[in-house]
1. Would you pick out the residues in segment 49-83 that are buried (at least 19 other Cβ atoms within 10 Å of the Cβ), assigned to a loop (DSSP other than H, G, I, E, B) and of a type in the set (A, V, I, L, M, F, W, C)?
2. Looking at Tyr38, Tyr67 in this structure, which one is at pLDDT 95 or above and in contact with a Lys or Arg (Cβ under 8 Å, 6 or more places away or on another chain)?
3. Among the residues of segment 143-179, write down those that are in a loop (DSSP other than H, G, I, E, B) and surrounded by fewer than 17 Cβ atoms within 10 Å (Cβ to Cβ).
4. Looking at Thr246, Thr214, can you tell me which residue is of a type in the set (S, T, N, Q), away from the ligand (no atom under 16 Å from the Cβ) and under 21 Å from the mean Cα position of the chain (by Cα)?
5. Determine the pairs where a residue that is within 14 Å of Tyr69 (Cβ to Cβ), located within segment 86-100, has a partner that is of a type in the set (A, V, I, L, M) and part of a loop (DSSP other than H, G, I, E, B) with Cβ atoms under 9 Å apart, the partner being 6 or more residues away or on another chain.
6. Could you count how many residues in segment 220-245 are surrounded by fewer than 20 Cβ atoms within 10 Å (Cβ to Cβ), assigned to a loop (DSSP other than H, G, I, E, B) and in contact with a Gly (Cβ under 9 Å, 6 or more places away or on another chain)?
7. I'm trying to understand the selection: among the residues of segment 144-183, which are free of Cβ contacts under 8 Å to residues at least 24 places away in the same chain and more than 9 Å from the ligand (Cβ to nearest atom)?
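The values are calculated or read from the model by the stated rules, or taken from the named source; none is laboratory data. All figures in this text were calculated on a predicted structure; none of them were measured in a lab. Quick reminder, even Gly has a Cβ in these numbers, built from the backbone with ideal geometry, and neighbours come from all protein chains shown.
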Amino acid sequence: MSKQLFAIFGNPVSHSKSPLMHNLAFEGLDYNACYGRYLLNDGAKLRERFFDLGLKGINITVPHKEYAYQACDHLDPFAQKVAAVNTIVKRGGELYGYNTDAPGFLKAISEFDDIKTVLFIGAGGTARSTSIILRDEGYEVTILNRSPQRLQSFKEEGFVTATFEDFELDTFDLVINMTSAGLEDDLLPAPQSILDQVIPTSKACVDVIYGKETPFLKLAKKFAKPSKDGSDMLLYQGIIAFDHFTDYQYEFDEIKALMQRAFLL
Ligand code: NDP
């Protein structure tokens, strides 16, 4: 059988760990495939490029997850529900779309015990799919965001929402930074006065940003809270995507053992 080709599509795409993660797993499992990266400027061309490049599957990162959703012939029910696709596999000439970000995130946070109430700081694309899967699993999710505009769709979905101005202090088991604050700057995702109330009363904190200790994680550490960055979310979405790529023939832990080496290199 000829080598199967996979790639990550996005803009930017140079920083992505996905090629390393997937290639380590392909190599370790002796699976005849290779995974590259493709800078896609125009999301509307996603489907055309997929076929031009002779690919078997792709992951899709910012800002093309909605274009990816539109490019598929078939969608799994969760991807359909959140209208965002980060994994596409070609089968019989047709494109099948999945969202593995949200189940990857769910797996990452389910490693904390006794979590029921969750505060999301941030209301962007990542917050959308992850809040829905958490609610489907029985968590109570409150969404706090800097500006009111992005909260509208969450309100329509029935979530409790607040801006920094109208937030009513409460206690939450888990506090999550879902913003890009701290990614390329040294900002906290919310006013210190709010964080100084919600972090000490929480059981744990998570930042979806990975590979660095953000000011939010530093604060969680100061209050001696168990915490994790976004590495597990990234790893787990990759493992679930790999499972779709390779037609469900490997164990989760078998893929994990190979892929997690990408975080040590
Ligand atoms: P979006 O651009 O869709 O949303 C950004 C959000 O961050 C908005 O709610 C915005 O608020 C808020 N925000 C940005 N800057 C600040 C700031 N200085 N202070 C307060 N709020 C701020 O981003 P995404 O949802 O796509 O991504 C969010 C984060 O998730 C990113 O850091 C990304 O790196 C990370 N991520 C991690 C993944 C992983 O696997 N670990 C996977 C995907 C994403 P406002 O509405 O007011 O502008």
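1. Those that are buried (at least 19 other Cβ atoms within 10 Å of the Cβ), assigned to a loop (DSSP other than H, G, I, E, B) and of a type in the set (A, V, I, L, M, F, W, C): Leu55, Cys72.
2. Values: Tyr67 fails: in contact with a Lys or Arg (Cβ under 8 Å, 6 or more places away or on another chain).
Answer to the selection: Tyr38.
3. The initial filter retains those residues of segment 143-179 that are in a loop (DSSP other than H, G, I, E, B), namely 146-150, 157-159, 164-173, 178-179.
Correct list: Ser147, Pro148, Gln149, Glu157, Gly158, Phe164, Glu165, Asp166, Glu168, Leu169, Asp170, Thr171.
4. Numbers: Thr214 fails: away from the ligand (no atom under 16 Å from the Cβ).
After ruling out the rest, the residue left standing is Thr246.
5. Ile88/Leu55; Gly97/Val85; Tyr98/Val85; Asn99/Ala84; Asn99/Val85
6. Number satisfying all stated conditions: 0.
7. Of the residues in segment 144-183, the ones free of Cβ contacts under 8 Å to residues at least 24 places away in the same chain are 147-149, 152, 155-156, 158, 160, 162-163, 165-166, 168.
Result: Gln152, Lys155, Glu156, Gly158, Val160, Ala162, Glu165, Asp166, Glu168.
One line per residue, one yes/no per condition, for (1) at pLDDT 95 or above; (2) surrounded by fewer than 22 Cβ atoms within 10 Å (Cβ to Cβ); (3) within 19 Å of Ala79 (Cβ to Cβ):
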position	(1), (2), (3)
Tyr98	yes, no, yes
Leu106	yes, yes, yes
Glu111	no, yes, no
Leu119	yes, no, no
Gly138	yes, yes, no
